[in-house]
Amino acid sequence: MAERRVLYRGKILSLVLEDGRWEIVEHKDAVAVLAVEDGRVLMVEQYRPAIRRTTLELPAGLIEPGESPLEAARRELMEEAGFDAELKALFSFYSSPGFTDERITLFEATRLTPKKRSPDPGEELRVRWIPVEKVIQDFLSGALVTSSPTAAGLLWLYRTR
């Protein structure tokens, strides 16, 4: 059995030292939502302090305690972009298994219905609809600053169109 020592415990993550040599980030699981309508991808633009840059990402967020991935995807789509939709889980993946256990489930959203946006306090997001061809071209060329869930969603979109 591995020896585990918690070095830090925060709101969304813990830092654990395993066997005196592996630094592991235990992180809440998350969801991301890929919505394509009229040849455009629904994205949110936001500033990310960790990289000191603005990113363009799929609506995404953490799964809250007691919430299913589907419920989290519905909530995040509503909060960040102001839409309800039919949601279908596409696949799950680990964001960076070399140091974290964070698992992300990607959902496809169809039949979008506008609703009132309700971003988290302090969350400044700008909703953007980007043409599919442009966002894929920008992603593949490296011009798009984005997240791993968005990269997975755009690769899935590129592969399936």
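Rule-based calculations on the coordinates, nothing more; no lab input. Note that the structure is predicted; figures quoted are calculated from it, not measured. Neighbour counts run over all protein chains shown; Cβ positions are idealised from the backbone, glycine included.
Miscellaneous remarks
- Choice from Pro49, Pro114, Pro69 showing the highest fluctuation, given a GNM over the chain with Cα pairs closer than 10 Å: Pro49
- Under the combined filter of DSSP loop state and at most 13 neighbouring Cβ atoms within 10 Å, the stretch 1-64 retains these GluC sites (Glu not before Pro): Glu3.
- Nearby lysines by direct alpha-carbon distance to Lys11 (threshold 17 angstrom, same-chain neighbours under 8 apart not counted): Lys28
- With neighbours defined as other Cβ atoms within 10 Å of a residue's Cβ, the residues Glu67, Glu108, Glu76 order from fewest to most as Glu67, Glu108, Glu76.
- Neighbour counts of C-beta atoms inside 10 Å place Thr100, Thr113 in the sequence Thr113, Thr100, starting with the fewest.
- Taking label points 7 Å from Cα along the Cα-to-Cβ direction, Ala2 and Ala50 give a separation of 1.9 nm.
- Proximal charge balance of Glu79 [Cβ under 9 Å; K/R count +1, D/E count -1]: -2
- In straight-distance terms, cross-link reach from Lys134 covers every one of the lysines whose alpha-carbon lies under 26 Å from its own, apart from those fewer than eight places away in the same chain; here that gives Lys88.
- Residues with amide H under 5 Å from that of Ala30, placed H, sequence gap 5 or more: Ile63, Arg103, Ile104, Thr105
- Of all aspartates and glutamates in the structure, those lying under 19 Å Cα to Cα from Lys116, and not within fewer than 8 positions of it along the same chain, are Glu37, Glu45, Glu71, Glu76, Glu79, Glu80, Asp84, Glu86, Glu124.
- Separation of the Arg40 and Arg117 label points, Cα + 7 Å toward Cβ, nm: 1.3
- Shown here for the stretch 22-97: trypsin sites (Lys or Arg not before Pro) in loop regions (DSSP other than H, G, I, E, B) with at most 13 other Cβ atoms within 10 Å, namely Arg52.
- Ordering Ser14, Ser147 by the number of other Cβ atoms within 10 Å of each residue's own Cβ, fewest first, gives Ser14, Ser147.
- Legend: calculated FRET efficiency, Glu124 to Ala151, from the Cβ-Cβ distance at R0 = 22 Å, rounded to 0.05, equals 0.45.
- Alpha-carbon Rg/Rh ratio, for the chain, with Rh computed the Kirkwood way: 1.00
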